[in-house]
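A quick write-up on the structure given underneath.
Derivation of every value follows stated rules applied to the coordinates shown; laboratory data play no part. Since the model is a prediction, treat every value here as computed from it, not as a measurement. Ideal geometry is used to build each Cβ from the backbone, glycine not excepted, and the neighbour counts take in all protein chains shown.
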Amino acid sequence: MPVFDKKRLCLAVGLVFGAAFTAHAQEVENASNFGDMNTVSQDMLNRAGNDGNNFLHTNGNYEQTRYYPSKQINTQNVKDLRPAWIFQTEIVESLETTPIVVNGIMYITTSFNHIYALNAATGEQIWHFKHKMGPITTYCCGPNNRGVAVYEDMLFMGTLDAKMLGLDAKTGKLIWETELGDPELGYSETMAPTVVNGKVLIGTNGGEYGIRGFVKALDYKSGEVLWTFHTTAEDSTGVWATHDATGRDMLRDIDAEKAKLAEMGDPYKTLGGGVWQNPAVDLDANRIYFVVGNPSPDLDGSLRPGDNLYTNSLVSVDLDSGEYVCHYQYIAHDVWDLDAVSPPILVDVKNNDGDMVPGVLHGGKTGHVYVHNRDDCSLIRFSEAMVPQENMWVLPTKDGERMLPGANGGVEWSPMTVDEKLGLTYAINLHQPMTYHVESSPYPEGKLWLGGAFKVIPEEQQWGNITAVDYHTGKIRWKVKTQQPMIGGILATAGGLVFAGEGNGMFKAYDSETGSQLWRFQAGAGVNAPPASYSVDGQQYIVVGAGGNTQLNYKRGNNIIAFTVSD
Amino acid sequence: MISFVRLQFVGLAACIFFSTASISSDAVDIKDKLVLCESCHGGEDGMPVNADTPILAGQEYYYLYVQLKDYKAGRRANPIMSGMTAALSKDEMKALAEYYSSMEWTKIQPEIDQELADKGGSALGAGQCSQCHSKYQGDSRVPRLAGQQLPYMLQTMKDFKNKVRLNSPAKGSLMDSFSDEDLAAMANYLSGLQQP
């Protein structure tokens, strides 16, 4: 049962900057909000949604709308978009980084935790940092890193060997490092952190290894852990929900689960619950919102009786204390790994009475966009399915049962984007038919613990799509099919465009209102990273990584490509 | 059984005739242990004596260490290796793993059935093997598979499938879902892979 805290705190910072917090990003014409500030202030981070120069957050702003407010590149001139520069990193491996840009300096990361600082106008390298990786790493799915966070004159990056690093942004020099978990037990970091009010927020991977998931807040100066929210509750049993968020029967044997619970006790210590992507920050309410991934072991529910709270859930906690505020679980006792991964987005939404209320969006692996009330996390609506759904929720068997979507989604970790003027959110999807196999095995102490196997059905066609969903109604506005399943992310701009890449190397721009394809570029390797945008000296750029993807085995590369409209 | 007898003989012979590489870590002297390892897995050239013996030279440190621990604990059953590891301390296991992982990978010329290998890519895709193994070059606890000995790799896949090798349950489930032809196809594909 969702619990909600009516206390919507107004922080000191909220009082100071409250007037500047607008839910809707404004269009800007190459405007500089901050002159030539190189130090990233909290004010800059708060106003990032209206910042026409910088790209300061992995998902654009604290609301995570991935909407860039400049319209210099637009539906009229996007046909003239050309590469301005290409930077090649040292690492030819899966690229999932979102470039962060601060006053003409770009920070990118690669697989295996390298960071590069580049001149954002020319692509020239300023410095290069290589993390001294420990001998033990345990990670799924690829040695990825999704980027840095910036705050004042520092950068922050999580590592595959489960550390958080604080670095000097000017030099790339390491200032501090903090161990977040034991990599031998399956803890690792691939997500980009989020920094707010001096706190570095980070989750953890490890849902495939029997970890106990968490979100932590660290002091940005020292790396000291300020609070930890465990994503598996000590009482993880929940309400014994028999139906999912869309009302479908999940075929649970509740009596058998209760008997198992009495026998073994609560499984929370090895229950998984990774957090793969950034939290959204509601500065007014002083809360963060994140989604929690699958329970461990993925396919075998027999060893984890109960709803497995807070796996497969949207969760909100207090920013200052990390204390629980509310949650909503999409799939209780998941045995399909159709979990919650894509980062939540904060926007105002119509409730079922037609009133606008603060909302939260999440794109699920199920292929639905879920629309929540931000106050209590409750579900307002879910969208039409963006990908085929068949045979849900057939239980996995030893020989395998076919069910759609396959375990990669729907929407995987790929962030969605929003154009609030249109009331649309844009998701990139996979269609990958799979069979689900279960085979029970005890906790293997840090080794891969799936409780069975997922298998792609090679004879069946795979594809992807970009789907625009009206989040006020849940209706699909437009959909464009792609040759391959999509993973990576998407960006919307005030120029009336959305940008997304594909595994076959294509990077494309679409009319955000209609879905018409307006521009394309062949990058030579999979474009499976979230695009970003920024401006230098009045010139707008679109930038994206083309390094392929490990999870779907798309062609690897090592290119960061910045595009602009030539004079 | 035949293989076991042969390897035992080779091991004994090695004790007499082989000289070890210049190895002892700062804290642990592994010269004596290494003599036995080298009798099957090869000396400084890292070339295994038999095709059903895996290449260790250039393999991942943490993977090797975990395998040694698992042999000793009985999680990975093998009559030779269980005996070899029975008296090893953790420090000795780490030193042996460090020794082999610090070597260059041994390149071999496996006899690949190209027709089978051509089918291997599709089977590996079905198993989503790249999710952990990426380009099959290995990293930390994930072993390098590219260019590994073909008979060894096929046997270890079958051991997973037939629940002889129990130290990675997820692999057991996955291999169980493949036909023997699929396993052969994957082994041929992977053994034929070299540097990316």
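A Cβ distance below 7 Å, combined with a sequence gap of six or more or placement on separate chains, defines the contacts here; from region A:119-138, residues that are within 14 Å of chain B (Cβ to nearest Cβ) reach residues that are small (Gly, Ala, Ser) and part of a strand (DSSP E or B) in the pairs A:Thr137/A:Ser188; A:Thr138/A:Ser188.
Filtered by the rule that a residue be in contact with a helix residue (DSSP H, G or I) (Cβ under 8 Å, 6 or more places away or on another chain) and within 13 Å of chain A (Cβ to nearest Cβ), region B:175-185 gives B:Met175, B:Asp176, B:Phe178, B:Asp182, B:Ala185.
Only one of the listed residues (A:Pro388, A:Pro297, A:Pro305, A:Pro344) is over 27 Å from A:Gly49 (Cβ atoms) and touching a strand residue (DSSP E or B) at 6+ places or on another chain (Cβ under 6 Å). That residue is A:Pro388. Number of residues in region A:436-461 that are buried (at least 19 other Cβ atoms within 10 Å of the Cβ) and more than 7 Å from chain B (Cβ to nearest Cβ): the value is 4. Of the candidates A:Val565, A:Val498, the single residue that is touching a helix residue (DSSP H, G or I) at 6+ places or on another chain (Cβ under 8 Å) and not polar (S, T, N, Q) is A:Val565.
Only a single item in (1) within 14 Å of chain B (Cβ to nearest Cβ); (2) more than 23 Å from the chain's Cα centre (by Cα); (3) part of a loop (DSSP other than H, G, I, E, B); (4) not basic (Lys, Arg) is not met by A:Glu96, and it is number (2). Look at (1) part of a helix (DSSP H, G or I); (2) under 20 Å from B:Val66 (Cβ atoms); (3) within 14 Å of chain A (Cβ to nearest Cβ); (4) touching a residue at least 60 places away in the same chain (Cβ under 8 Å) and you find that B:Gln155 fails only one, number (3).
Being within 14 Å of chain B (Cβ to nearest Cβ) and closer than 21 Å to A:Gly223 by Cα is true of A:Asp182. When region B:115-139 is filtered for residues that are closer than 30 Å to B:Glu98 by Cβ and free of Cβ contacts under 8 Å to residues at least 60 places away in the same chain, the ones remaining, listed by number, are B:Cys129, B:Ser130, B:Gln131, B:Cys132, B:His133, B:Ser134, B:Tyr136, B:Gln137.
Quick one: in region A:99-124, of everything that is in a strand (DSSP E or B) and touching an Asp or Glu at 6+ places or on another chain (Cβ under 7 Å), which residue is surrounded by the fewest Cβ atoms within 10 Å (Cβ to Cβ)? Applying the filter and picking the extreme gives A:His114. Would you say B:Ala87 is surrounded by fewer than 17 Cβ atoms within 10 Å (Cβ to Cβ), within 14 Å of another protein chain (Cβ to nearest Cβ) and among the aliphatic types (A, V, I, L, M)? No: the conditions fail for B:Ala87.
Restricting attention to region B:60-84, which residues are in contact (Cβ under 8 Å) with a residue 60 or more places away in the chain, under 14 Å from the mean Cα position of the chain (by Cα) and within 12 Å of chain A (Cβ to nearest Cβ)?
Matches in region B:60-84: B:Glu60, B:Tyr61, B:Tyr62, B:Tyr63, B:Val66, B:Gln67, B:Asp70, B:Arg76.
So, of the residues in region B:161-174 that are within 11 Å of another protein chain (Cβ to nearest Cβ) and part of a helix (DSSP H, G or I), which turns out to be surrounded by the most Cβ atoms within 10 Å (Cβ to Cβ)? Among those that are within 11 Å of another protein chain (Cβ to nearest Cβ) and part of a helix (DSSP H, G or I), it is B:Ser173. Evaluating B:Lys31 against the criteria (1) within 23 Å of A:Gly134 (Cα to Cα); (2) without any contact (Cβ under 8 Å) to a residue 12 or more places away in the chain leaves one unmet condition, (1). Here B:Gln148 passes the criteria (1) crowded, with 22+ Cβ neighbours inside 10 Å; (2) within 9 Å of chain A (Cβ to nearest Cβ) except the one numbered (2).
Of the strands (runs of 3 or more DSSP E) lying entirely inside region A:363-474, those containing at least 3 residues that are under 20 Å from the mean Cα position of the chain (by Cα) are A:369-373, A:417-419, A:424-431, A:463-470. Of the set (1) free of Cβ contacts under 8 Å to residues at least 24 places away in the same chain; (2) not in a helix (DSSP H, G or I), all apply to B:Leu145 but (1). State whether one or more residues within region A:282-297 are touching a residue at least 40 places away in the same chain (Cβ under 8 Å), out of contact with any helix residue (DSSP H, G or I) (no Cβ under 8 Å at 6 or more places or on another chain) and assigned to a helix (DSSP H, G or I). Scanning region A:282-297 turns up no residue that is touching a residue at least 40 places away in the same chain (Cβ under 8 Å), out of contact with any helix residue (DSSP H, G or I) (no Cβ under 8 Å at 6 or more places or on another chain) and assigned to a helix (DSSP H, G or I). Residues in region A:510-567 that are outside any loop (DSSP other than H, G, I, E, B) and within 14 Å of another protein chain (Cβ to nearest Cβ) were compared, and the one that is surrounded by the fewest Cβ atoms within 10 Å (Cβ to Cβ) is A:Tyr554.
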